[in-house]
1. Report those strands (runs of 3 or more DSSP E) wholly inside region 59-134 carrying at least 3 residues which are surrounded by 19 or more Cβ atoms within 10 Å (Cβ to Cβ).
2. Collect the residues in region 154-169 that are outside any strand (DSSP E or B) and either within 10 Å of GLY129 (Cβ to Cβ) or in contact with a His (Cβ under 8 Å, 6 or more places away or on another chain) (or both), keeping them in residue-number order.
3. Can you name the condition, by its number, that ASN284 falls short on among (1) part of a strand (DSSP E or B); (2) surrounded by fewer than 18 Cβ atoms within 10 Å (Cβ to Cβ)?
4. For region 236-288, which residues satisfy the criterion of being within 16 Å of ligand 2 (Cβ to nearest atom) and touching a Pro at 6+ places or on another chain (Cβ under 8 Å)?
5. Search region 379-392 for residues being out of contact with any Leu (no Cβ under 6 Å at 6 or more places or on another chain) and assigned to a strand (DSSP E or B), and hand back the single one that is farthest from ligand 2 (Cβ to nearest atom).
6. Could you grab me the full set of residues in region 300-340 that are farther than 30 Å from GLN253 by Cβ and not β-branched (Val, Ile, Thr)?
7. Cβ-Cβ distance below 6 Å, separation of 6 or more or different chains: which pairs start in region 78-94 with a residue that is in contact (Cβ under 8 Å) with a residue 24 or more places away in the chain and end on one that is aromatic (Phe, Trp, Tyr) and open to solvent by 20 Å² or more (accessible area, probe 1.4 Å)?
8. Which of the residues belonging to region 221-249 are closer than 30 Å to ALA351 by Cα and either more than 16 Å from ligand 1 (Cβ to nearest atom) or outside any strand (DSSP E or B) (or both)?
Amino acid sequence: MLIQILILITFLFYYPFSSFAANNPTYNVQTYGAKSNGKSDCTNAFLSAWAAACAATQPATIYVPPGRFLLRNAYFTGNLCKNTAITFRIDGTLVAPSDYNAIGNTGSWLKFERVTGVSIYGGMLDGQGTNLWACKNSGRSCPKGVTSLAFYNSNNIIMSGMYSLNSQMFHILIDGCNNVKLQSMKISAPGGSPNTDGIHVQQSSGVAVMNSNIATGDDCVSIGPGTSNLWIQNLACGPGHGISIGSLGWDLQEAGVQNVTVKTATFTGTENGVRVKTWARPSNGFVKDVTFQHIVMVNVNNPIIIDQNYCPDPHNCPNQESGVRISGITYEDVHGTSATQVAVKFDCSKANPCNGITLDEINLTFKDKPAIASCANAGGTADGVVKPTSCL
Ligand SMILES: *[C@@H]1O[C@H](CO)[C@@H](O)[C@H](O)[C@H]1NC(C)=O
Ligand SMILES: *[C@@H]1O[C@H](CO)[C@@H](O)[C@H](O)[C@H]1NC(C)=O
């Protein structure tokens, strides 16, 4: 009892000080001239708030109030930052220019480069991609489009409770980063929107995507070369192309992908569920130690697929084999419905067969016919109930 009272007194005594005495500075973008009307260009106001937060020596908050804030390309670099604890607290919406020519060939709309300790809580990013997709779908010549939010060469990043809508190209890109947490993210673009990948990760380690909902026109999460220690948990994906490791193996010299875990995910009406995809070209890349666990498929075209013969343009890789070595891929407790009869497909490289594939408690069904598994150059084991019957 005495201990409890002491703890209570200590808490009451210290709490107000720890919480308020620090008096960390907050930089409201409106103080720097941002207008919430969705029409005034707020880029400079945001960059000024960033410069002020960077110059602060205590943890600092950049606050974006409710309303719509139009931004052109905004590049937040850490080059001059003293600060390694900058929080964006966003109640409003950041809006990209509706004219895609304004930023469409610049790579990224909102870009963070060489930053450490940046957290973003809340907010909506409206990429206004609709006009660009229409241009692309019409076959006219159009800009490539931008990634809505990109982090390059950055460490200790948190994104939480953000909503990214209608990116021109990728929604979120993590490239060259360490220790990145994305949690409670909502990402949304229509099923037919071209190249609107939800989250693309490459050359990065220690990225976690938790409790998120991604509906898009391309991969929900795509995993590029040099990704390690990636953790994805509690993901709802669909529409979209599923989770894809790849495309890998375009380059001869290429960093591998290793230690990827996808745990508890539901794919609804997607083109693929969990996919590994490599170009049919020489490469010294690899994929190893990947676990897909507790996965539900709802009417998915290719629930489980390894495709090492990816070669959409005949001039890129005629008569070649993928050099990417794939090993140690585990599928555990994967069930639900396939929209095609081939529910499990391992189409591996003749030159570098897949090995160490494990199927454990798989139950995938197809309408009223039995589902099928198809294997080429694939080795491994099956444990527990495995339907369709394993072809390993
Ligand atoms: C694999 O990655 C997870 C994070 O996703 C990490 O906790 C674990 O230590 C890594 N394992 C190895 C062997 O590096
Ligand atoms: C597989 O799933 C089907 C459809 O949900 C179900 O009827 C069947 O009992 C399951 N089989 C096993 C062995 O769990």
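1. 60-64, 86-95, 108-113, 118-126
2. Correct list: ASN166, SER167, GLN168, MET169.
3. Only one criterion in (1) part of a strand (DSSP E or B); (2) surrounded by fewer than 18 Cβ atoms within 10 Å (Cβ to Cβ) is unmet by ASN284, namely (1).
4. PHE267, THR268, GLY273
5. Checked region 379-392; the qualifying residue farthest from ligand 2 (Cβ to nearest atom) is GLY379.
6. Passing the criteria: ASN301, PRO303, GLU332, ASP333, HIS335, GLY336, SER338, ALA339.
7. Pairs that qualify, where the first residue is in contact (Cβ under 8 Å) with a residue 24 or more places away in the chain and the partner is aromatic (Phe, Trp, Tyr) and open to solvent by 20 Å² or more (accessible area, probe 1.4 Å), are ARG89/TYR63; ARG89/TYR121.
8. SER222, GLY224, PRO225, GLY226, THR227, HIS241, GLY242, SER244, GLY246, SER247, LEU248, GLY249
The values are calculated or read from the model by the stated rules, or taken from the named source; none is laboratory data. Here the structure is a predicted model, which is why all the values come from computation and not from measurement. Cβ coordinates were reconstructed from backbone atoms using ideal geometry, including for glycine residues, and neighbour counts include every protein chain displayed. Heavy atoms of the whole protein, side chains included, go into the accessibility calculation; ligands, DNA and RNA do not. Shrake-Rupley method; radii C 1.70, N 1.55, O 1.52, S 1.80 Å.
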